[in-house]
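For reference, the structure discussed in these notes is given below.
The values are calculated or read from the model by the stated rules, or taken from the named source; none is laboratory data. Everything quoted here is computed from the prediction, not taken from an experiment. When we count neighbours, we look across all protein chains shown, and the Cβ atoms used for this are built from the backbone with ideal geometry, even at glycine. Protein only, heavy atoms only, side chains kept; ligands, DNA and RNA dropped before computing areas. Shrake-Rupley method; radii C 1.70, N 1.55, O 1.52, S 1.80 Å.
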Amino acid sequence: MNKTDIKKTLQSREKELKKLSSSISRHGSLSVEGTINVKRQKNSFRFFCRRKGVLTYLGADKKDEIRKLGTKQYAIKLRKAAENESSQIAQCLSILNQGEDSDVEMVYSQLPEPIKENTNPSIMTDDGYAEKWQAHKYQNRWEGKGFKYETSRGEKVRSKSEWMIASMLTEAGVPYRYEELIGLHHELGVHLFPDFTVLNKRTRKIYYWEHFGRMDDPEYINGSFMPKIMDYYAFGYLPGEKLLMTFESRDYPFDTNQVKRIIETYLT
């Protein structure tokens, strides 16, 4: 987790706490008159209500009043804790916002291009490594020619489902290359063009992501799906280890939740 991620997490938590404090303030329990006191007596507890300096015993027939007073005490303590935590977060954010020269993830992006090209990736921050990986020129098969779905990066992809995957990868900050030529076995000349070559910038592990979009078409299964899967398996590219896959058919349309789970499990 880098500095930007930490700030986003803190800001998200800050919003939750403000929402909680506001909800508590509107809650009717705070208007209940009095405070609750508890005294232990042998193996049981006795409840009392203090109102205007007077302590009144609450017997078994006062369960509803005990519950209201207990809820009030909980709400007061919860609101106080939320306010204290919000104050601590505000202090942390104030410190984290003190200048770009204290953000290690900003260093690489601010380097002149000639310096970037001559850095050692092994000592880079995760974002710096990912930026250099993404900028690498690679060979692909199609270069987006004739494709009508344009991603936010300005490249063309072949299907709406691939466009959705590309959009979700970009939104999650996952670097990818579209239809990059890879060698499964150079000596045997076995090469493929996976739909996406993706990088987990935290672990720096590369995965190949294939989307199979016509799983109800026998010709597609025998002519595209099976040969490609058999090649991956033959050379040790197994699902969840190096290979990620999504599927769809007429009866089982494209599922963004499926994509989200893969991204969260393997790529962030």
Any chance you could list P(r) for the chain, counting all Cα-Cα pairs in 5 angstrom bins from zero, rounded to whole %?
1, 5, 9, 10, 11, 10, 8, 7, 6, 6, 6, 5, 5, 4, 3, 2, 1, 0, 0
Which FRET efficiency value, to the nearest 0.05, is calculated for MET230 and ILE115 with the Förster distance at 41 angstrom and r the Cβ-Cβ distance?
0.35
Express the carbon and sulfur contribution to the solvent-accessible surface of the chain as a percent, rounded to the nearest whole number, probe 1.4 angstrom.
52 percent
Ranked output for segments 245-257, 43-55 by mean other Cβ atoms within 10 Å, highest leading, reads 245-257, 43-55
Choose one of GLY53, SER12, PHE147: the residue whose Cα lies farthest towards the positive end of the charge dipole of the range 1-148 (beta-carbon charges +1 Lys, Arg; -1 Asp, Glu; about the Cα centre).
GLY53
Across LYS132/LYS201; LYS18/LYS52; LYS39/LYS68; LYS201/LYS260, pairs whose alpha-carbon gap is larger than 21 Å
LYS18/LYS52
Excluding residues fewer than 8 places away in the same chain, name every one of the aspartates and glutamates whose C-alpha is closer than 20 Å to that of LYS228.
GLU162, GLU179, GLU180, GLU187, ASP195, GLU210, ASP216, ASP217, GLU219, GLU241, GLU248
Span per principal axis, largest first, for the Cα atoms of the range 214-268 (Å)
35, 31, 9
Dipole-positive endmost among SER159, ILE182, LEU169 within the range 156-197 (Cβ charges, Cα centre)
SER159
Value of Rg to Rh for the range 51-116 (Rh from inverse mean 1/r over Cα pairs, i.e. Kirkwood):
1.51
Computed over the Cα atoms of the range 116-268, what is the ratio Rg over Rh, Rh following Kirkwood?
0.96
Would you mind working out the magnitude of the charge dipole of the range 33-101 relative to its Cα centre, with +1 at each Lys and Arg C-beta and -1 at each Asp and Glu C-beta, to the nearest 20 Debye?
960 debye
With a probe of 1.4 Å, find how much accessible area the range 134-224 has per residue, and write the answer as a whole number in Å².
55 Å²
Starting from the Cα-Cα distance between ASP217 and LYS205, subtract it from 0.36 nm times their residue separation and give me the gain in nm to one decimal.
1.0 nm
Could you size up the charge dipole of the range 116-219 around its Cα centre, putting +1 on the beta carbon of Lys and Arg and -1 on that of Asp and Glu, and report it in debye to the nearest 20?
320 debye
List the GluC sites (Glu not before Pro) within the range 125-197 that fall in a DSSP loop (any state other than H, G, I, E or B) and whose Cβ has at most 10 other Cβ atoms within 10 Å.
GLU187
Just flag the GluC sites (Glu not before Pro) in the range 22-109 sitting in loop per DSSP whose Cβ has no more than 16 other Cβ atoms within 10 Å.
GLU33
Helix by helix, which DSSP H runs in the chain go 18 Å or more along their axis at the Cα atoms and have an average Kyte-Doolittle hydropathy of 0.5 or more?
none
Residues other than SER249 with Cβ under 14 Å of its Cβ, Lys/Arg counted +1 and Asp/Glu -1, net out at -4
Roughly what % antiparallel, to the nearest 5, for the DSSP beta bridges in the chain?
80 percent
Förster radius 30 Å - calculated FRET efficiency between ILE95 and ASP255, Cβ distance, rounded to 0.05:
0.10
Once the in-chain neighbours fewer than 8 apart are removed, the lysines whose Cα is under 18 Å from LYS15 read LYS7, LYS80
Rounded to the nearest 20 Debye, what is the dipole magnitude of the chain about its Cα centre when Lys and Arg each give +1 and Asp and Glu each give -1 at the C-beta?
2600 debye
